[in-house]
Protein chains: 2
Amino acid sequence: MKKIILTGDRPSGALHLGHYVGSLKNRVQMQNEFQTYIIIANLQAMTDYFDRPEQIRENINSLVKDYIACGIDPNVSTIFVQSKVKALPIMTMYFMNLVSLARVRRNPTVKEELERKEFKNNVNCGFVCYPISQAADILAFDADIVPVGKDQKPMIEQTNEIVDSFNFLYKDDVFKKCKAVFGQTAKLMGIDGKAKASKSLGNAISLSDTEEILKQKVFSMYTDPMHLKVQDPGRVEGNMVFHYLDAFYDEVKTRELREHYEKGGLGDMVLKKLLFDVLQEFLEPIRQKRKNVTQDDIDGILFQGNKRANEKADSVLERMERSMKFD
Amino acid sequence: MKKIILTGDRPSGALHLGHYVGSLKNRVQMQNEFQTYIIIANLQAMTDYFDRPEQIRENINSLVKDYIACGIDPNVSTIFVQSKVKALPIMTMYFMNLVSLARVRRNPTVKEELERKEFKNNVNCGFVCYPISQAADILAFDADIVPVGKDQKPMIEQTNEIVDSFNFLYKDDVFKKCKAVFGQTAKLMGIDGKAKASKSLGNAISLSDTEEILKQKVFSMYTDPMHLKVQDPGRVEGNMVFHYLDAFYDEVKTRELREHYEKGGLGDMVLKKLLFDVLQEFLEPIRQKRKNVTQDDIDGILFQGNKRANEKADSVLERMERSMKFD
């Protein structure tokens, strides 16, 4: 039997090249080898977008378009919306009894987010409990593998603690532990070179960016501020043009360009023009496929995906409630 | 249109005379005047019985028997099990984003329970969030009226705060405020006279107690420890036999007995024998009706009740999600 993967995104912004390099590419490659569930985590997004649900709704549509445009096959991978799988919140509520408030507050990701968001004292209950909700997302699909960033490791640990508590309490092997798989690729940096590409920082190239916007972004990329004349030697470390060429251009040719740049005689404008062409060639077919995805397609994909996700999650909930004698 | 009442019980123990006096009696009287939903709050019970789910299951059956035996008509009142209404946990999750952790910890009932239970630092997330879950129970049925004890007032306040936040955020009159209605009757005390009747304190007379157990309990009731000889005057204040006669016996006759007792010449044994007869006469038909309720009856009642409750709660969830543009 195929191993099961649970992966997905918060519908809190457009997907960008960082998502492609970090996860979308892998999802496409792995979808035939593994049974893949892709969760559009709108309930989780609501924990901090609760005052902007209409954005979440738009982003759900946008996510589905991005998935299809990048090569996710909805007949192979199950794409579904979190709030449409009613087993998830009820599993969350059962699990909430197995996790202490102190434990969830010690979760480094929650802790860090709390500090970053500066809403410490005003933090809402939904946000504090989101690692538990995430555990339900994973366990409802019997996921063997959860591809995550290294910063998400504590979430997987929390999930596996719940597995232990549940199995111990209800004397049954109801759940199995899941395994975090960390991406091979380093994070894609933003065009400013300051932080990883992120929609909220405005330094990312979205999969849905137009040619015009792509051009603007590539030509505003951070390179080597000391590289003033073409004939001067340039630095490639921290130079975003090379960072993106590494991710999207031919390896051998990139190496040659790097040597040339370091020696001097290769101008930023030439390089940026090249990178623009490379990314344009990469994004244009995605844009075209994106354009062809109609609202009817999206509705159909989610209808089917939600149905399949509900069947699986309902069967797991049933197994879970049976072990608790709640059937 | 009939006003809607939401009432119910945690399936955490057998119902007793205190429940009868405090709520069951009213439910029976009001069930034709109001549209009544009776929730068997097993998810809520799980917040502190998570390690004993089989007890909860038994108690669900026992509750249904008690309801029917006391005169609740399942064709008129909707009796349902909380975990079987999937709209409730999802509403809870939406509401959890609208309530800060600080707010929920300030809830006097939660605060008090935390202190009573001495599990402060180890309190689980389910317990902390139970006022939010309770708000979902109320709002999922558009309840106008929630009969509660005075100590539950903060729960209703929390519910109405959520109504305000939700309606404010999503610009719609999705929810209306509910009204707490406090019982007219004073709480029934336990047979020890020390605290109100409570299953966990072992000082309550259960609706399902046998004649033998009833006799033992009545004859061990706390009266006036200074009333040693029949001819001595006795105290009726704090005397549990009079407390129970007040609740279950003829008012005029009880007044006469009280005067006689205070004057002297009326023995405890005579009074206890009378109270036993009164309670035996009250409980015997309940016991008989209880005995006639089969497991098939219970299953049928809950099947119908869950169905009706799901229809109502689903329609409210739909209205709610529409206002959030999540439909």
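Can you tell me which of (1) among the charged types (D, E, K, R); (2) within 22 Å of A:Ser62 (Cβ to Cβ); (3) part of a loop (DSSP other than H, G, I, E, B) is the one A:Lys217 doesn't meet?
Looking at each condition in turn, A:Lys217 falls short on (3).
Considering the stretch A:63-85 alone, what residues qualify as being in a helix (DSSP H, G or I) and either facing another protein chain (nearest Cβ under 10 Å) or open to solvent by 20 Å² or more (accessible area, probe 1.4 Å) (or both)?
A:Lys65, A:Ile68, A:Gln82, A:Ser83, A:Lys84
What is the one condition in (1) surrounded by 24 or more Cβ atoms within 10 Å (Cβ to Cβ); (2) in contact with a strand residue (DSSP E or B) (Cβ under 9 Å, 6 or more places away or on another chain) that A:Phe50 does not satisfy?
Failed condition: (1).
Which of the residues that make up the stretch B:1-51 are without any contact (Cβ under 8 Å) to a residue 12 or more places away in the chain and in a strand (DSSP E or B)?
Of everything in the stretch B:1-51, nothing turns out to be without any contact (Cβ under 8 Å) to a residue 12 or more places away in the chain and in a strand (DSSP E or B).
I need a count of the residues in the stretch B:279-325 that are within 30 Å of B:Asp250 (Cα to Cα), among the acidic types (Asp, Glu) and in contact with a helix residue (DSSP H, G or I) (Cβ under 8 Å, 6 or more places away or on another chain).
Looking only at that region, the number is 1.
Name the single residue, out of those in the stretch A:251-272 being within 29 Å of the chain's Cα centre (by Cα) and over 15 Å from A:Glu237 (Cβ atoms), that is least open to solvent (accessible area, probe 1.4 Å).
Here is the first cut: in the stretch A:251-272, the ones within 29 Å of the chain's Cα centre (by Cα) are A:251, A:254, A:272.
Filter once more, keeping what is over 15 Å from A:Glu237 (Cβ atoms): A:251, A:272.
On the way: A:Glu251: 143, A:Lys272: 16 Å².
Top of the filtered list is A:Lys272.
From (1) away from chain B (no Cβ under 14 Å); (2) in contact (Cβ under 8 Å) with a residue 40 or more places away in the chain; (3) surrounded by fewer than 16 Cβ atoms within 10 Å (Cβ to Cβ), pick out the condition that doesn't hold for A:Lys179.
(2)
Among the candidates A:Leu17, A:Leu43, A:Leu88, which residue alone is of a type outside the set (S, T, N, Q) and more than 14 Å from chain B (Cβ to nearest Cβ)?
Details: A:Leu43 fails: more than 14 Å from chain B (Cβ to nearest Cβ); A:Leu88 fails: more than 14 Å from chain B (Cβ to nearest Cβ).
Being of a type outside the set (S, T, N, Q) and more than 14 Å from chain B (Cβ to nearest Cβ) holds for just one of A:Leu17, A:Leu43, A:Leu88, which is A:Leu17.
Name every residue in the stretch B:157-173 that is open to solvent by 10 Å² or more (accessible area, probe 1.4 Å) and not polar (S, T, N, Q), in order of residue number.
We begin by selecting, within the stretch B:157-173, every residue open to solvent by 10 Å² or more (accessible area, probe 1.4 Å); these are B:157, B:160-161, B:164-165, B:167-173.
Passing the criteria: B:Glu157, B:Glu161, B:Asp164, B:Phe168, B:Leu169, B:Tyr170, B:Lys171, B:Asp172, B:Asp173.
Quick check on the stretch B:91-120: of everything there that is under 22 Å from B:His19 (Cα atoms) and within 14 Å of chain A (Cβ to nearest Cβ), which residue is least open to solvent (accessible area, probe 1.4 Å)?
Going residue by residue through the stretch B:91-120, those that are under 22 Å from B:His19 (Cα atoms) are B:109-110, B:112-113, B:116.
With the extra rule that they be within 14 Å of chain A (Cβ to nearest Cβ), the set shrinks to B:110, B:113.
Working: B:Val110: 1, B:Glu113: 32 Å².
So the residue we want is B:Val110.
Among the listed residues A:Ser220, A:Ser198, A:Ser206, identify the single one that is closer than 24 Å to A:Pro11 by Cα, out of contact with any Asp or Glu (no Cβ under 6 Å at 6 or more places or on another chain), of a type in the set (Gly, Ala, Ser) and surrounded by fewer than 18 Cβ atoms within 10 Å (Cβ to Cβ). Full working, then the answer.
On the way: A:Ser220 fails: closer than 24 Å to A:Pro11 by Cα; A:Ser206 fails: surrounded by fewer than 18 Cβ atoms within 10 Å (Cβ to Cβ).
Criteria check complete, one pass: A:Ser198.
The values are calculated or read from the model by the stated rules, or taken from the named source; none is laboratory data. Every value quoted in this text rests on a predicted model; they were computed, and no experiment measured them. Cβ coordinates were reconstructed from backbone atoms using ideal geometry, including for glycine residues, and neighbour counts include every protein chain displayed. Areas reflect the complete protein model, heavy atoms only, side chains present, ligands, DNA and RNA absent. Shrake-Rupley method; radii C 1.70, N 1.55, O 1.52, S 1.80 Å.
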